[in-house]
Amino acid sequence: MTTNKSVKFTLMRSGGVAGIRPPSIVLVASGLPDDVAQRLEQLLEEAAFFELPSELPERGPSADNFQYSLEVRRADGRTHTVTFAEASAGEALRELKRLVREYGQR
Amino acid sequence: MKSKMPIARRVRPDVHTGCPFCTIIPAHMMRGLVRSGDDKRSSCALSTLLGSQQLRGQRTMLGVLGAVSLMTPAGVKRRTIYDAQKASELPGVLVRGEGGAKGKDRMVNEAYDHAGVVYDFFSKVYGRNSIDDRGMRLDATVHFRQDPTESFDNAFWNGTQMIYGDGDGETFIRFTKCLEVIAHELTHGITQYEAGLKYHGQSGALNESFSDVFGSLVKQWKKKQTAAKADWLIGAGMLSKSVNGIALRSLKEPGSAYDDERFGGKDPQPGHMKDYLKLPDTRPGDNGGVHINSGIPNRAFYLVAHQLGGYAWERAGKIWYDALCNRIRADSTFKTAAKATIDSASSLFGDASAECKAVKAAWKKVGVLS
């Protein structure tokens with residue numbers, strides 16, 4: 001697998017009892033250590049991110065749950081955004097979100 | 001898979017998908033489904049399958065809890081508090097059942113005590129037996145984290161139970177602290193069983209507003225406060241000292257609760273239709289601003305309570321409760337909700353009553369009726 005270090009991730013959160021929308025978290029893979037950038041690539045593959053529907057269906061009639069939107073922009077300009085609640089996301093997508101939060105900047 | 005399996009209770013069919021059960025879809029199955037194409041149909045079928053497994057799980061749990069009967073006599077309060085131990089598995093470890101001794105964990109004690117006050121309020125004031133009016137057990141999970149590496153800054157109703165995070169300590173203190181926040185979450189349950197207000201657009205803002213209205217009323221009832229004495233705040237005392245704000249929302253003065261860049265700036269709630277915020281009806285758009293435009297019906301309620309004076313739960317609250325249970329429907333708008341509350345006021349107190357006049361005047365003042 002080749003590492004594409006020009007990928008840009010943007011993570012937004014909405015919902016929650018407070019209803020606040022904190023500033024987005026942005027992560028550009030070019031500034032990262034190789035192993036982290038590689039892991040991000042791997043997770044995009046594992047999550048089949050670019051094949052995911054733009055909204056992952058949420059379970060039942062919940063209220064005040066956090067909603068996340070993760071936008072990924074590749075060097076070639078290909079962009080995809082997926083909206084999900086944590087509980088409806090797969091492991092790979094959850095780890096992607098975790099890494100963006102850990103290494104990204106508000 | 002089984003280690004991730006939550007225990008869910010059967011609820012009404014999901015209004016969004018028509019699924020007979022509401023469940024969490026396991027990660028690896030989700031991946032497969034997404035790749036398979038027709039994910040709505042597949043996830044519904046999967047939910048049904050999971051639901052039956054979860055019901056089996058629930059029977060096991062009922063055995064552990066002991067004498068829990070399926071038929072609950074009226075006016076019996078049953079609280080069950082679980083500890084997620086900073087993980088996402090639901091419901092977590094059972095830590096306190098009804099009548100269990102107070103422990104050392106503050107969040108457990110608060111979740112238990114506050115849920116009891118909410119139960120008592122609806123029972124004594126409006127004669128309601130729990131969330132579903134049929135004695136439903138009040139389940140709550142504390143110390144929940146959706147991601148084990150991140151503190152959880154939220155409280156929510158997942159369709160069957162309440163879930164509370166510890167808060168990060170930097171912006172939010174624990175989410176069990178405020179009685180009105182716990183009452184807000186439980187009222188989402190009541191709305192689900194009554195009007196069933198869809199969680200988007202104006203019906204979603206009404207859903208949020210009913211939770212704020214009864215959230216505040218429960219606190220006022222507990223404190224024996226009149227409308228004039230009440231603070232009309234949601235989440236007062238839950239923000240850490242470093243936050244520039246006093247609460248999450250104000251029913252009295254929508255838009256005045258906070259102004260902090262970590263919260264995305266100033267409290268965006270409008271108190272009048274002219275300032276109604278048109279956000280996209282998408283989940284990133286807060287489903288059309290359900291937590292934002294709720295400021296308008298919130299203020300309408302405050303104006304009624306203020307005009308009538310005295311204890312707000314006795315007349316203004318009674319009108320709103322009657323409308324929620326008997327007149328408001330899943331797709332109600334602000335206008336149809338306004339008419340519903342006027343009809344409730346008229347049937348409870350009479351056409352020419354001060355109550356009916358106050359309700360009409362309030363909806364006009366916030367620009368919903370002309």
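No lab work stands behind these numbers, since they all come straight from the coordinates. Keep in mind that what you see is a predicted model, and the values were worked out from it rather than measured. As a convention, Cβ positions derive from the backbone with ideal geometry for all residues, glycine included, and neighbour counts pool all protein chains shown.
Quickly estimate the mean residue ellipticity at 222 nm for chain A, helices only: each DSSP H run with n ≥ 4 gives -39500 (n - 2.57), and the total goes over all residues, rounded to 500.
Rounded to the nearest 500, it is -8000 deg cm²/dmol.
What distance in nm lies between label points placed 7 Å from Cα along the C-beta direction at A:VAL26 and B:GLU170?
Simple spin-label model gives 1.9 nm for this pair.
Please state the relative contact order of the range B:142-280 as a whole percent: Cα pairs under 8 Å, 6+ residues apart?
Here the relative contact order equals 16 percent.
Semi-axes of the range A:8-103's equivalent ellipsoid from the Cα gyration tensor, sqrt of 5 times each eigenvalue, largest first, rounded to whole Å?
Gyration-tensor ellipsoid for the range A:8-103: 23, 15, 12 Å.
Given that compact globular proteins tend to follow 2.2 N^0.38 Å, what is the ratio of the alpha-carbon Rg of the range B:256-325 to that value?
The value comes to 1.33.
So, counting K/R as plus one and D/E as minus one, what does the shell of residues with Cβ under 14 Å around A:VAL26 add up to?
Values: positive: A:LYS8, A:ARG13, A:ARG73, A:LYS97, A:ARG101, A:ARG106; negative: A:GLU71, A:GLU102.
Cβ neighbours under 14 Å give a net charge of +4.
Which whole-angstrom value gives the distance between the alpha carbon centres of the range A:6-78 and the range B:138-163?
Value for the Cα centre distance between the two parts: 21 Å.
Once you list every other residue whose beta carbon is under 15 Å from the beta carbon of B:ASP105, what net charge do they have if Lys and Arg are +1 and Asp and Glu are -1?
+4
So for the range B:79-177: antiparallel DSSP bridges make up what percent, rounded to the nearest 5?
On the way: 6 of 14 bridges.
The antiparallel fraction comes to roughly 45 percent.
Select from A:SER24, A:GLN42, A:GLY60 the residue farthest towards the positive end of the dipole of chain A; place +1 on Cβ of Lys and Arg, -1 on Cβ of Asp and Glu, and compute about the Cα centre.
The listed residue farthest towards the positive side: A:SER24.
For the range B:247-289 and the range B:301-370, compute the distance between their C-alpha centroids and round to whole Å.
23 Å
Hey, which of these cross-link pairs are over 25 Å Cα-Cα: B:LYS198/B:LYS241; B:LYS252/B:LYS278; A:LYS97/B:LYS198; B:LYS222/B:LYS274; B:LYS224/B:LYS274; A:LYS97/B:LYS177? Intermediate results must be reported in sequence, preceding the final value.
Details: B:LYS198/B:LYS241 35 Å; B:LYS252/B:LYS278 22 Å; A:LYS97/B:LYS198 28 Å; B:LYS222/B:LYS274 35 Å; B:LYS224/B:LYS274 35 Å; A:LYS97/B:LYS177 28 Å.
Violating the 25 Å Cα-Cα cut-off are B:LYS198/B:LYS241; A:LYS97/B:LYS198; B:LYS222/B:LYS274; B:LYS224/B:LYS274; A:LYS97/B:LYS177.
Averaged over A:19-29, how many beta carbons belonging to a partner chain fall within 10 Å of each residue's beta carbon?
Mean shielding count: 5.
Using a 7 Å offset from the Cα along the Cα-to-Cβ direction at both B:LYS364 and B:ALA352, what is the distance between the two label points in nm, to one decimal?
Label-label distance for B:LYS364 and B:ALA352, simple model: 1.8 nm.
For A:VAL17, what residues show an amide H to amide H distance below 5 Å, using hydrogens built from the backbone and excluding near sequence neighbours?
B:ALA155
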